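This report refers to the structure that appears directly beneath it.
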Amino acid sequence: MSKNATISPEDIRRLALLARIDLSSAEADRTGQQLNSIFSLVAQLQAVDTAGVEPLCHPIAMIEEMTLRLRSDVVTETDQRAINMANAPQQENGLFLVPKVLE
Amino acid sequence: MNGVPLGWEVVIGLETHAQLSTRSKIFSGSPIAFGAAPNTQANAVDLALPGTLPVMNLAAVEKAIRFGLAIGAEIAPRSVFARKNYFYPDLPKGYQISQFELPVVIGGTIPIVVNGIEKTVQLTRAHLEEDAGKSLHEGLDSHGVSGIDLNRAGTPLLEIVTEPVMHSAEEAVAYAKALHSIVTWIGICDGNMQEGSFRCDANVSVRRQGDSKLGTRAEIKNVNSFRFLERAIQYEVRRQIELIEDGGKVVQETRLYDAGRDETRSMRSKEDAMDYRYFPDPDLLPLVMTQVQIDAVKATMPELQPAMAARFVREYGLSPNIAHALTQSKAFADYFVDCVAAGGEPKLVSNWMTGELAALLNKQGFDIRQSHLAPSQLAQVVIALQNGSINAKGAKELLHAICEKQGLAQDLSIDALIKQMGLEQVSDSGLIKKIIDEVLAGNQKSVDEFKSGKEKAFHSLVGQVMKASKGRANPAQVNEILKTKLNEAGAS
């Protein structure tokens, strides 16, 4: 990303599509302006020389040396369909129903 | 030879999803048994209810390491889980937990043989990830809806990626089969393609011979049989070449193979292709593997197929082809080892396993583990053959009877079964002579033919004698005695 990265209306449309957010054109304009002002902040961060610094993949690693905890391969959960289904707006034969999706 | 037209080069890379055969899911304690009623194996984590957190399954990590060790790859001392973001109803979190920049297995190679030529397929990586749920679009009473089953959501997968180094459908299939053999051999995947435990995506592109730049590739998704993989790639190669020859351009897209029509169809093009916006998953710390942990997994690795086949050749004097057939699967190889341990002569055991038993299993649609014939029983049959208490025909009948469970008392010993079925070989030369005399008396025509020099008539007479003895006579003795008798008759 260059220091002067700006986000275009086209980028906004694509991001909205990927995030499944329905934006009106007024909202898209406003969001674009907001994101661009955030980008100026990003530009300041980009200006820092990070050569030789290992990317940080988890904030905890800044504080202490911790690694992923692993659990034994044991089945601990039983059938909870009845409880899980209690929240579903629509169901049939044990399936959650959603508006039709096709590939 | 390989179906690629002259002047063209095909470039193929494969991505394979192998379902890891753990008991529980990768990030939750739900079971992963196949075929359970919808949503009965999905808990709060699998449903992505707010406040839930993933906890990594140790067995999934160990299986990934087993794979890395089996293919001579590097096991990453530190790997990182990332979120792959996209929206689909069978992915309730809105992202799939996968690995992106730092996978658990790096590199490695798998040897293949195509048309007698050995080749090494270079792997890029293998990474751990979770499977999504299943969407059902048909068979519902309600209209305008899709059904969601989250039993599969969170099932552990190892995605295994090759470099673009294969150049024909045959090579791709040879690699897929070799990979299938490895993952089942080392016990990390059941390899069941019908149930989706092993599925392949193929990245296919073509270029004119001599071009240094790779052509634009199409990705064929979710092919679940070796035959379909071969046909899908062949179709895709033809389609791309025809398209370019007609002045068109291949577009980067995802395609689905339709087995019914034997063609690939566009699923989505690059324009609407996903940007998955990967980033490290803050819910999971880096996965760290120490050499001690890796060595502990190494200590549990079985002898691999190439080493075992070579040992069978060396120790038992078997041909490389037979050794290869015996090591077609870990279960088949273990069966052979058990037979030999139970006293079966290795060459005889290998002949019966790769011949009669393999044919029977094929006919029954059985895996060797499903066979009703125990390894110790096959060893007993081979011993009975060697000491002459039955002949080959009797052994065959015995095998069929046991494998097909023809009303036999299963707890009887092989010797007792031989008696019960009346299969004891007749090696009493007096008895054989008597049968031969009767056959000769009743088949004067064949005898005359033999005397006039027709060799065929001899075989016909042997057949008559065997039939008269209900297949029990010792064939070597029948041959010898019959020859002597006929010569005597000829001399008289």
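Over segment B:107-189, calculate the relative contact order: mean separation of alpha carbon pairs under 8 Å at least 6 apart, over the residue count, as a percent. Intermediate results must be reported in sequence, preceding the final value.
Numbers: 116 pairs, mean separation 26.3, N = 83.
Relative CO of segment B:107-189 lands at 32 percent.
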_What is the distance in Å between the Cα centroid of segment B:156-181 and that of segment B:123-141?_
19 Å
*Please turn the phi angles of segment B:52-63 into ³J(HN,Hα) values with the Karplus equation 6.51 cos²θ - 1.76 cosθ + 1.60 (θ = phi - 60°), one per residue in order, whole Hz, x for glycine and proline.*
7, 9, x, 10, 5, 7, 4, 5, 5, 5, 4, 5
*Mean separation of Cα contacts under 8 Å, 6 or more apart, over the residue count of chain A: relative contact order %*: 21 percent
*In terms of Cα to Cα distance under 13 Å, which aspartates and glutamates are near enough to residue B:470, apart from those fewer than 8 places away along the same chain?*
B:397, B:424
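Restricting to bridges with both residues inside the protein assembly as shown, how much of the DSSP beta-bridge set is antiparallel, in percent to the nearest 5? Please list the in-between numbers first.
Values: 63 of 70 bridges.
Bridges in the protein assembly as shown are about 90 percent antiparallel.
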*Sequence-distant or interchain residues sharing an amide H contact under 5 Å with residue A:71, placed H: which?*
B:56, B:57, B:58
*Tell me which residues come under 5 Å, amide H to amide H, from residue B:108 once H is placed; ignore anything under 5 positions away on its chain.*
B:74, B:123
*For peptide A:76-88, how many partner chain Cβ atoms fall within 10 Å of a residue's Cβ, on average?*
5
*If contacts are Cα pairs under 8 angstrom and at least 6 residues apart, what is the relative contact order of segment B:356-480 in percent?*
25 percent
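For peptide B:28-37, how many partner chain Cβ atoms fall within 10 Å of a residue's Cβ, on average?
3
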*Ordering of B:61-67, B:44-50 by burial proxy (mean other Cβ atoms within 10 Å per residue, highest first)*: B:61-67, B:44-50
*How large is ³J(HN,Hα), in whole Hz, for each residue of segment A:56-61 in order, when computed from phi with the Karplus curve 6.51 cos²θ - 1.76 cosθ + 1.60 and θ = phi - 60°, using x for Gly and Pro?*
8, 9, 8, x, 4, 4
*asked:* Give me, ordered by chain and number, the residues 5 or more places off residue B:186 or on other chains with an amide H under 5 Å from its own placed amide H.
replied: none
*Taking segment B:177-332, how many lysine pairs are there with alpha carbons less than 25 Å apart, if each pair must be eight or more places apart or span two chains?*
10
*For segment B:108-124, take each phi angle, set θ = phi - 60°, evaluate the Karplus expression 6.51 cos²θ - 1.76 cosθ + 1.60, and give the result in whole Hz per residue in order, putting x for glycine and proline.*
x, 9, 10, x, 10, 10, 10, 6, x, 9, 7, 8, 10, 9, 7, 9, 8
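By average Cβ neighbour count within 10 Å, what is the ranking of B:132-139, B:185-192 from highest down? Show your work: numbers first, answer last.
Working: B:132-139: 15.2, B:185-192: 19.2.
The peptides rank, most packed first, as B:185-192, B:132-139.
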_Degrees separating the helix A:9-18 axis from the principal Cα axis of chain A, which is the longest one_ = 20 degrees
*Which percentage, to the nearest 5, of the DSSP beta bridges contained in chain B is antiparallel?*
90 percent
*Gap separating the Cα centres of segment A:1-67 and segment B:373-435, nearest whole Å*: 78 Å
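Only the coordinates and a few stated rules stand behind these numbers; no lab work does. Not measured: the values here are computed from a predicted model. Counting neighbours? That spans all protein chains shown, and the Cβs are built from the backbone with ideal geometry, glycine included.
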